[in-house]
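**Q** Quick one: the structure is below, and I'll ask about it shortly.
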Amino acid sequence: MNNEQVKVQVGFQFSDGGYIGLPYWPERNTEINISKDVHPKLGPEKKQAALNAALEKRGLSMSDYQRLCRRAERPFYTCDDSDDGGGEIVIPQRVVQSFLNHASQTVPRVVPRISDKGLTFIGVRVQGGHLRTGKTQADAKVFGRFVKMAESNQRSWSESKYIIDFTATGELLVDEAIIKSDDLRGLFEYAGRYIGLGSGRPQGYGRFSVIRWDRV
């Protein structure tokens with residue numbers, strides 16, 4: 001560790017402002033690309049034939065396709081990356097870094113920030129690659145809402161899973177040449193309260209308070 005890098009053990013308490021992960025998986029992108037090769041107006045037999053052709057073009061079997069569809073539906077990042085989304089729910093480093101990057105461009109001038117957004121991703125890292133939540137899918141609740149469709153004013157019903165009443169814990173590696181650890185705490189405190197982390201932030205999700213900040 002260089003002389004300007006410090007470790008900080010953190011605890012972020014999510015209570016009423018639960019956390020929505022809503023990852024966009026690579027498998028979801030593949031699933032969408034496959035669906036573009038299968039016209040929705042085809043009959044069942046022709047639709048199946050088109051699907052088989054789309055899979056063959058990509059070197060995928062039907063079992064491969066069924067697996068990627070399962071993986072595309074996972075509502076959270078988990079520590080074991082299992083196909084069914086089992087295991088402990090985690091908050092990945094890139095989500096934390098994106099939160100800090102967005103916050104640094106948004107908070108009032110009196111709040112400490114990382115002025116150059118490119119430095120966020122080297123200035124703050126999460127030991128082990130994620131924060132732990134102690135929660136699993138069995139603890140999740142469902143948030144439902146109408147979402148405006150891009151092509152019209154029509155709304156479609158959408159549901160997302162969220163977890164609540166937990167403390168996200170982990171250890172941050174902070175390069176103090178980029179931001180001092182005390183200043184970083186100020187950024188987390190403000191942005192955790194007023195901006196939020198993860199998805200569903202306009203609906204009030206992702207808010208948290210800093211209950212632990214121990215420089216090692």
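Computed from the coordinates by the stated procedures, all read-outs in this text should not be read as laboratory data. Model, not experiment: these values are computed from the prediction. Don't worry about glycine lacking a Cβ; one is built from the backbone with ideal geometry, like all the others, and counts go over all protein chains shown.
**Q** Does anyone have the angle between helix 26-35 and the longest principal axis of the chain? Alpha-carbon axes, 0 to 90°, nearest 10?
**A** With both axes taken from Cα atoms, the answer is about 30 degrees.
**Q** Need the list of lysines near K46 for cross-linking: C-alpha distance under 28 angstrom, and skip anything on the same chain fewer than eight residues off.
**A** Within the straight-line cut-off, K46 pairs with K36, K57.
**Q** Loop only per DSSP, at most 16 neighbouring Cβ atoms within 10 Å: give me the GluC sites (Glu not before Pro) in segment 89-193, ordered by residue number.
**A** Of the GluC sites (Glu not before Pro), the ones in loops of segment 89-193 whose Cβ has at most 16 other Cβ atoms within 10 Å are E151, E176.
**Q** In a solvent-free Debye calculation with one equal scatterer on each Cα, what is log10 I(q)/I(0) for segment 27-72 at q = 0.14, 0.26, 0.28 Å⁻¹, listed in the order of the q values?
**A** Log10 I(q)/I(0), no solvent term: -0.29, -0.96, -1.07.
**Q** Along the charge dipole of the chain, pointing to its positive end and built from +1/-1 on Cβ of Lys, Arg, Asp and Glu, which listed residue (G85, N29, I178) has its Cα farthest out?
**A** Result: N29, furthest along the dipole toward the positive end.
**Q** Let me ask you something else. Looking at the chain as a GNM with Cα springs under 10 Å, which of A54, A72, A191 has the largest mean-square fluctuation?
**A** A54
**Q** Based on Cβ point charges of +1 for Lys and Arg and -1 for Asp and Glu, what charge dipole magnitude is obtained for segment 27-72 about its Cα centre, in debye rounded to the nearest 20?
**A** On the way: 10 positive and 6 negative charges, 26 e Å.
It comes to approximately 120 debye.
**Q** Which angle between 0 and 90 degrees, to the nearest 10, do you get for helix 44-57 versus the longest principal axis of the chain when only C-alpha atoms count?
**A** 60 degrees
**Q** To the nearest 10 degrees, how steep is helix 93-104 against the longest Cα principal axis of the chain, on a 0 to 90 scale?
**A** Compared with the principal axis, the helix lies near 60 degrees.
**Q** Ok, one more. Which loop-located trypsin sites (Lys or Arg not before Pro) does segment 1-54 contain, where loop means any DSSP state but H, G, I, E or B and the Cβ has at most 14 other Cβ atoms within 10 Å?
**A** Details: sites: K7, R28, K36, K41, K46, K47; in loops: K36, K41.
Answer by residue number: K36, K41.
**Q** A follow-up question, please. Give the lysines reachable from K117 as a straight Cα distance under 27 Å; neighbours fewer than 8 places away on the same chain don't count.
**A** K7, K180
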